[in-house]
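Encoded as structure tokens, the structure appears first; notes follow it.
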Amino acid sequence: MFGIKHFIWIIMCIMFTIVMDYIGVKRKMTLKEAGLIMSFICLLSESSKIMCNMIESSFGGMVLNPLALPFHLCSMMLFGVLYITFGKDGEFKDKLIDFVAVMGILGSIMAILIPTDGVEFTSILVYQCFVYHGGLLWFGTYLIIGGCARIDFASYKRNIVILLGLVLLMIYVNSILSVYGTNFMFLTRPPLEGLPIINLDHGWFVYFGTIVMIGLVVISLFYLPFMVINKRRRIHEEKSCD
């Protein structure tokens, strides 16, 4: 982790995000257009992940390895992307956009910084990981820059509740599929061995509390500048009215 190959992947993801956001602003890309691009990235990513994770079934034939099910936070974003692109407009879609924008950005950054599939240029799964998360990073920033997502206190509270709900749900899912060694949202064990703070050195309960607390702090720090800007704007508008 954080070797030359890893830094190359990080730089490529950053450059892709910057270039695509620039094109989006320059061309005034619509939500539908951005959604179609991201949907194609999701299709390419998920199909390659499925093909690389098929295992033999005890009943004959092949099945998808349960470890590759789309139950990580970033993986679940693909369903959000598809609904945002093809779903019906309304309050649910608006709230989904708020969630995908923030969690897509933060989740993709974490995945890019902690590549669980490695960083080798000869692995299809490595390409799948960085291409998907690079695309998700761009799509999340597009939703904010394009004014599609609401980054306010209401969405902050709602996203926290949704995230904690997913944490609870994935505890159940990991338990149900524990025979396969699943670790969705990394609630069972750390994503990699030897990580500082995020480890099992002090037991699972400390580990679980740590990752939940880190998640809440990171989300709060992400929202903080937007809340400050919104508050200053409201104060300015109130003074203008006076």
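I'd like to compare 157-163, 78-84: which one has the highest average count of other Cβ atoms within 10 Å, and what's the full order after that? Write out the running numbers ahead of the final one.
Numbers: 157-163: 15.4, 78-84: 19.1.
Result, highest mean Cβ count within 10 Å first: 78-84, 157-163.
Taking Cα atoms, how many degrees apart are the long axis of helix 91-113 and the longest axis of the chain, rounded to 10 and kept between 0 and 90?
That helix lies at roughly 60 degrees to the long axis.
Taking 10 °C and 1.306 mPa s as the conditions, I'd like the Stokes-Einstein D for the chain in µm²/s, using the Kirkwood hydrodynamic radius from alpha carbon pairs. Spell out each step's value before the answer.
On the way: Rh = 19.4 Å.
D, rounded to a whole number, is 82 µm²/s.
Pick from Pro115, Pro196, Pro225: which residue has the top mean-square fluctuation in a GNM of the chain where Cα pairs under 10 Å get a spring?
Comparing Pro115, Pro196, Pro225 in the GNM, the peak value goes to Pro196.
What is the sum of charges around Tyr127, taking Lys and Arg as +1, Asp and Glu as -1, for the other residues whose C-beta is under 15 Å from the C-beta of Tyr127?
Working: positive: Lys5, Lys49; negative: Glu46, Asp117, Glu120.
Local net charge: -1.
For the chain, what number of Lys pairs, 8 or more residues apart or on separate chains, have alpha-carbon atoms under 29 Å from each other?
Lysine pairs meeting both conditions in the chain amount to 25.
Within the chain, what whole-number % of the accessible surface is contributed by carbon and sulfur, with the 1.4 Å probe and all protein chains included in the calculation? The partial results should precede the final answer.
Numbers: 9760 of 13820 Å².
Carbon and sulfur: 71 percent of the exposed surface of the chain.
More than 17 Å apart: what percent of Cα pairs in the stretch 107-151 qualify? Mind dumping the intermediate values first?
On the way: 385 of 990 pairs.
Here the long-distance tail beyond 17 Å is 39 percent of all Cα pairs in the stretch 107-151.
Whole number please: convex hull volume per residue, Cα atoms of the stretch 63-175, in Å³.
Dividing the Cα hull volume of the stretch 63-175 by its residue count gives 127 Å³.
Over the chain, average the accessible area per residue using a 1.4 Å probe and give it in Å², no decimals.
Numbers: 13820 Å² over 242 residues.
Per residue, the chain has 57 Å² of solvent-accessible surface.
The values are calculated or read from the model by the stated rules, or taken from the named source; none is laboratory data. Since the structure is predicted, the reported quantities are computational estimates derived from the model, not experimental observations. Here Cβ is always computed from backbone atoms with ideal geometry, including for glycine, and neighbour counts include all displayed protein chains. Quick note on the areas: whole protein, heavy atoms, side chains included, nothing else; ligands and nucleic acids left out. Shrake-Rupley method; radii C 1.70, N 1.55, O 1.52, S 1.80 Å.
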